Amino acid sequence: QVQLVESGGGLVQAGGSLRLSCAASGIIFSIYAMGWYRQAPGKQRELVAAITSGGNTNYADSVKGRFTISRGNAKNTVYLQMNSLKPEDTAVYYCSARRNIATKEYWGQGTQVTVSS
């Protein structure tokens, strides 16, 4: 069965960095598009960054220049490098996977990122 497990969240001061990881199993990882979403209390879940099976990326405007998504197909893992963190980045970050836009999307349990001012 499909499983996505996020790790790397934690408490960090504003201006600091974190690297999130999402380890996938139960899918042919190399042909799946992967993404990172986040949800803050009282807010809708929003796309932070996505990467296609071919390596194309896109980012939310709020994180461009600060966050980088990458994938390591040999390790079945997608990463989110987060630099210059701001308090407004505080949220639960979720990993997602889907074969294409017409197929179902799988979700991890999330990892908490808290940025203190």
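In this structure LYS64 has an accessible area near 120 Å², from a 1.4 Å probe over the protein heavy atoms. Taking amide H positions as modeled 1.01 Å from N, with prolines and chain starts lacking one, the residues under 5 Å from LYS86 and 5 or more places away or on another chain are GLY15.
Largest mean-square fluctuation among TYR93, TYR106, TYR59, in a Gaussian network model of the chain whose springs join Cα atoms under 10 Å apart, belongs to TYR106. In order along the stretch 92-102, phi translates into HN-Hα couplings of 8, 9, 10, 8, 9, 9, 8, 5, 7, 5, 8 Hz, rounded to whole numbers, per the Karplus curve 6.51 cos²θ - 1.76 cosθ + 1.60 with θ = phi - 60° and x for Gly and Pro.
Averaging the sequence gap over all C-alpha pairs within less than 8 Å and six or more residues apart, then dividing by the number of residues, gives the stretch 4-117 a relative contact order of 37 percent. GNM on the chain, alpha-carbon springs under 10 angstrom: the most fluctuating residue among SER62, SER17, SER30 is SER62.
Computed from backbone phi with θ = phi - 60° and the Karplus coefficients 6.51, -1.76 and 1.60, the 3J(HN,Hα) list for the stretch 59-74 is 9, 5, 4, 5, 10, 4, x, 10, 10, 9, 9, 8, 9, x, 4, 5 Hz; x is used for glycine and proline.
Taking the accessible area of the chain, probe 1.4 Å, and keeping the other protein chains in place, the carbon and sulfur fraction comes to 47%. Averaging the Cα positions of each part gives two centres, and for the stretch 1-22 and the stretch 25-69 these lie 13 Å apart. The magnitude of the dipole of the stretch 1-85, with charges of +1 and -1 set on the Cβ of Lys/Arg and Asp/Glu and taken from the Cα centre, is near 80 debye.
Springs join every pair of Cα atoms under 10 Å in this Gaussian network model of the chain, and among GLN44, GLN13, GLN81 the largest mean-square fluctuation is at GLN44. Looking at the chain, the accessible area is 54 square angstrom per residue; that uses a 1.4 Å probe and ignores ligands, DNA and RNA.
The values are calculated or read from the model by the stated rules, or taken from the named source; none is laboratory data. Since this is a predicted model, take the numbers as computed values, not measurements. Using ideal geometry, Cβ is built from the backbone for each residue, glycine included, and neighbour counts are taken over all protein chains shown. Ligands, DNA and RNA are excluded from the accessible area calculation, which covers all protein heavy atoms including side chains. Shrake-Rupley method; radii C 1.70, N 1.55, O 1.52, S 1.80 Å.
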